[in-house]
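Have a look at the structure below, then the notes.
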Amino acid sequence: MLRFIVRRLLVAVVTLIVISLVTFGLFFAVPSSPAKVMCGKNCTAQDIAQVEERLGIRDPLPEQYTNFVSGIFVGRTFGSGEFQRECPAPCLGYSFRNDQPVTEIVTQRAPVTFSIVFGAAAIWILLGVSLGMVSALRRGTVFDRFAIGISLAGASMQVYFFGLILLYLLVYATGLLPFPTYTPLTENPAKWALGLLLPWMTLGFLNSALYARLSRAQMLETLSEDFVRTARAKGLPLRRVHTRHALRAAITPIVTIAGLDIGAALGGTFITETIFGLQGLGKATVEAVQFLNLPVVMATVLLAAIFIVIANIVVDVLYAVIDPRVRLS
């Protein structure tokens, strides 16, 4: 198992190096100079030179990349004179538009996105898998048909439609829930949960539809396998057959999808954050694109890639824990 994890970590390191190169190249992918893009249309040559100095893009590209990577570990200094700014480690760049290190912007916005994603993920995984498993065990019943109908309805809706409906019904029309707000978990756990309940319900219901359909299909397929019939023939209790044998085999592809979904969602849930007025990473990314705040764009793209890579590592490790065949291979 240790060798398995070490191999995955080495692959992850190489992947992140490649991603950092691509992310760094994003800075120079715009048609004109990044300094011209950030400075605007009415900038003089002197203004552009000042912006280039602040951004640290007057050096050769290899040196700039080295400074970019080293800044993550030891910090950097941007600009000079009155425009000099210190960016302590881990430095993901400096936003002169916001006049603060990008790391500060990320640390301010990330808790909002983390709270939305992990809370919603707990709902959509538990609800979707439970609904799919029970539906498979009661195939052809009224409950099964009802579960299929609910999952189809959820899969057919979009966040911006279902979220607005819940917002109108539960906040404006009835007042059952307050308007979504973010309160730090350490400050007031109850207010934190209540303020994010509506986004959790929205994402949880919509994403659970896929998990319900997938888990039902996987469970039905697993129940027809020889090892399940053998376990039944041995006289094992049905609950043990379903939970210890069938469920463990059926849940493997669900773990893969859950890991990738959570990793991708951590990169930013812009639509959800916009609908409910929450200031998370997704909204920060779109605002940075709108205002050509390239350091923030670079940082959020890199973070999104890191989240997905970490999610893949976690999925690989869980595979080895859940399925003994992975450990044997």
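The values are calculated or read from the model by the stated rules, or taken from the named source; none is laboratory data. Since the model is a prediction, treat every value here as computed from it, not as a measurement. We place every Cβ from the backbone using ideal geometry, glycine too, and count neighbours over all the protein chains shown. Calculation scope for accessible area: heavy atoms of the full protein, side chains included, ligands and nucleic acids excluded. Shrake-Rupley method; radii C 1.70, N 1.55, O 1.52, S 1.80 Å.
Say whether the condition of being hydroxyl-bearing (Ser, Thr, Tyr), modelled with pLDDT under 80 and open to solvent by 70 Å² or more (accessible area, probe 1.4 Å) is met by at least one residue in the stretch 307-322. The answer is no, given that none of the residues of the stretch 307-322 is hydroxyl-bearing (Ser, Thr, Tyr), modelled with pLDDT under 80 and open to solvent by 70 Å² or more (accessible area, probe 1.4 Å). Out of curiosity, is ALA249 open to solvent by less than 40 Å² (accessible area, probe 1.4 Å), modelled with pLDDT of 85 or more and assigned to a helix (DSSP H, G or I)? Considered against the rule, which asks whether it is open to solvent by less than 40 Å² (accessible area, probe 1.4 Å), modelled with pLDDT of 85 or more and assigned to a helix (DSSP H, G or I), ALA249 comes out as no. Just one of the numbered conditions (1) aliphatic (A, V, I, L, M); (2) open to solvent by 50 Å² or more (accessible area, probe 1.4 Å); (3) within 17 Å of PHE114 (Cβ to Cβ) is not true of LEU196: (2). Checking each residue in the stretch 257-283 for being among the hydrophobic types (A, V, I, L, M, F, W, C) and under 26 Å from ARG213 (Cβ atoms) picks out ILE257, ALA258, LEU260, ILE262, ALA264, ALA265, LEU266, PHE270, ILE271, ILE275.
Scanning the stretch 66-98 for residues that are in a loop (DSSP other than H, G, I, E, B), in contact (Cβ under 8 Å) with a residue 60 or more places away in the chain and either under 23 Å from the mean Cα position of the chain (by Cα) or within 22 Å of VAL22 (Cα to Cα) (or both) yields a total of 2. With VAL228, VAL142 as the choices, which residue is more than 24 Å from ILE275 (Cα to Cα), open to solvent by 30 Å² or more (accessible area, probe 1.4 Å) and among the hydrophobic types (A, V, I, L, M, F, W, C)? Of VAL228, VAL142, the one residue that is more than 24 Å from ILE275 (Cα to Cα), open to solvent by 30 Å² or more (accessible area, probe 1.4 Å) and among the hydrophobic types (A, V, I, L, M, F, W, C) is VAL142. Those helices (runs of 4 or more DSSP H) of the stretch 99-185 in which at least 3 residues are free of Cβ contacts under 8 Å to residues at least 12 places away in the same chain and either out of contact with any helix residue (DSSP H, G or I) (no Cβ under 6 Å at 6 or more places or on another chain) or more than 20 Å from LEU266 (Cα to Cα) (or both), considering only elements entirely within it, cover 102-137, 142-156.
Take the residues in the stretch 267-293 that are charged (D, E, K, R) and in contact (Cβ under 8 Å) with a residue 40 or more places away in the chain; name whichever of them is farthest from ALA35 (Cα to Cα). Filtering first and then ranking leaves GLU273. Against the numbered list (1) open to solvent by 70 Å² or more (accessible area, probe 1.4 Å); (2) free of Cβ contacts under 8 Å to residues at least 60 places away in the same chain; (3) within 14 Å of the chain's Cα centre (by Cα), GLY259 comes up short only at (1). In summary, ALA120 fulfils each of the numbered conditions (1) at pLDDT 90 or above; (2) closer than 15 Å to PRO199 by Cα; (3) open to solvent by 20 Å² or more (accessible area, probe 1.4 Å) with the single exception of condition (3).
The residues on offer are GLN46, GLN108, and the sole one that is polar (S, T, N, Q), exposed (fewer than 15 other Cβ atoms within 10 Å of the Cβ) and within 30 Å of VAL315 (Cβ to Cβ) is GLN108. Considering only residues in the stretch 70-87 that are loosely packed, with under 13 Cβ neighbours inside 10 Å and touching a strand residue (DSSP E or B) at 6+ places or on another chain (Cβ under 7 Å), the one that is modelled with the lowest pLDDT turns out to be GLN84.
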